[in-house]
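First up is the structure itself, then whatever we jot down about it.
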Amino acid sequence: MSSDSDGISSMPWWLVIYFKGICMGAADAVPGVSGGTIALIVGIYERLITAVTAITPLQIRAILLAPHPRYRDSAFTALRTIDIWFLIALVTGIFSAIITLTRIVHAGIVSYPTVTFGFFFGLIAASAWVLRQSLTIDTSGRIAAAVGGFLIAFIVSGQAAGALGQSLPVTMLAGAVAVSAMVLPGISGSLLLVILGQYEYMTGILSIFIDATVSVLTGGSLAPFIQTGTVVVGFVSGAVFGLFSIAHAVRWALERYYEATFAFLVALIVGALRAPIVRVGTRLSADSGAGWTPSAIALFTTTALIGVFIVLLLERAAGIGDVDMKM
């Protein structure tokens, strides 16, 4: 396999891919800049999409039949087709970053909700603005798609998200929806979880699951591990389903109706701006009963500007606004 070191010849190719996965995971862990955008910046987006969309039921069946000598050659062919070693190195890096950062983010949500969600608001707003620069909404179809995307995100981001609750079917749905962001340079899986009202819940579950895993390995109780592990498995199961359904459907839509689909997705991001405001308002009312105060607004705005600044730096460095999502 050829090196993917991008000039870092002293590193093995898999370590370079692992570090690129860490960059993607860091973006995926917070709502705003997507892992797909980072994949574009570090030069692996096309290879990632090729590998992900090559994973089909037929390829999986061929791999599962590998123990049988008759099917061994086809199994190795399937593994090469899905670029398995690239995916393993990349996914390992992604999960290394997600496991680390979600603990920090969850702690921020619990202890400093205004700061954390203000930062998210800035990331989301700037991402929408940057992507809007490459979008032209000049037909009735594109206008309808944009209005639909905005309304869906705006409605679901409000109190409707809380109505979903936290059940295993909802968790599986969240996993399926979030994984679709793998094929989208403009939208992060975390943002989709925020829209569905599942982001805080899943970051908390993941943190508890990691602690429970460590506890079990050192002789602790199995109960927390099983309880949180069920949720994690449900989320991953939904993600696997989404990989074969929603992600492919989104790619199909981008191939055939690029402008309208892109308009829908950018409007979805704009509509999602309601989510951080609602979350902070709910938390402030619950904690102090005061709701939005001038100091809370100032703090929210300041951290939002920091988020905007970070996204604009990325855009300036890598031309995110010129992203072409055509497949």
- Which one is right for this structure if semi-axes √(5λ) of the Cα gyration tensor in Å is calculated from it: (i) 44, 20, 16; (ii) 32, 26, 20; (iii) 33, 25, 16? (ii)
- Query: Cα gyration tensor of the stretch 1-134, axes a ≥ b ≥ c as square roots of the eigenvalues: rounded (a/c below 1.5), prolate (a/b > b/c) or oblate?
  - Reply: prolate
- Message: What does the C-alpha gyration tensor say about the overall shape of the stretch 120-166? Classify as rounded when a/c is under 1.5, otherwise prolate if a/b is larger than b/c, or oblate.
- Response: oblate
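Among rounded, prolate and oblate, which fits the stretch 103-208 when a ≥ b ≥ c are the square roots of the eigenvalues of its C-alpha gyration tensor, a/c under 1.5 means rounded, and a/b larger than b/c means prolate? The partial results should precede the final answer.
Numbers: a/c = 2.03, a/b = 1.53, b/c = 1.32.
The shape class here is prolate.
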- Note on the stretch 89-190: contact order normalised by length, alpha-carbon pairs under 8 Å, 6 or more apart, percent, works out to 13
- Of LEU40, LEU222, LEU151, which is the most mobile in a GNM of the chain whose springs link Cα atoms less than 10 angstrom apart? LEU222
- Query: Taking 0.36 nm per residue of separation and subtracting the Cα-Cα distance, what length does fully extending ARG47 through SER96 add?
  - Reply: 15.6 nm
- If each part is reduced to its alpha-carbon centroid, the stretch 89-137 and the stretch 247-314 end up apart, in Å, by 10
- Query: Among 287-298, 112-123, 60-71, how do they line up from the highest to the lowest mean number of other beta-carbon atoms within 10 Å?
  - Reply: 112-123, 60-71, 287-298
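Give me the accessible area per residue for the chain, probe 1.4 Å, as a whole number in Å².
Numbers: 15720 Å² over 327 residues.
About 48 Å² of surface per residue is accessible.
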- Note on the structure: Gyration tensor (Cα only) of the stretch 34-113 to equivalent ellipsoid, semi-axes in Å sorted down, yields 34, 16, 9
- Rounded to two decimals, what ratio of Rg to Rh does the stretch 155-270 give with C-alpha atoms and a Kirkwood Rh? 1.06
- Item | Candidates GLY219, GLY25, GLY242, ranked by Gaussian network fluctuation over the chain, Cα under 10 Å, top entry | GLY219
- Per the rule of 0.36 nm per residue minus the C-alpha distance, extending ARG72 to LEU299 adds in nm 75.8 nm
- Note on the structure: Pseudo-spin-label distance SER134 to SER215, built 7 Å along Cα→Cβ, given in nm, is 4.5
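Might you report the magnitude of the Cβ-based charge dipole of the chain about its Cα centre, with Lys and Arg at +1 and Asp and Glu at -1, to the nearest 20 debye? Please list the in-between numbers first.
On the way: 16 positive and 15 negative charges, 76 e Å.
So the magnitude is around 360 debye.
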- Message: Among PRO69, ALA26, PHE309, whose Cα projects farthest towards the positive end of the dipole of the chain, with charges put on the beta-carbon of Lys, Arg (+1) and Asp, Glu (-1)?
- Response: PRO69
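The values are calculated or read from the model by the stated rules, or taken from the named source; none is laboratory data. Predicted, not measured: the structure shown is a model, and the values here were computed from it. A quick note on method: Cβ atoms are made from the backbone with ideal geometry, for glycine too, and the neighbour counts reach across all protein chains shown. Accessible surface areas use protein heavy atoms only, side chains included; no ligands, DNA or RNA. Shrake-Rupley method; radii C 1.70, N 1.55, O 1.52, S 1.80 Å.
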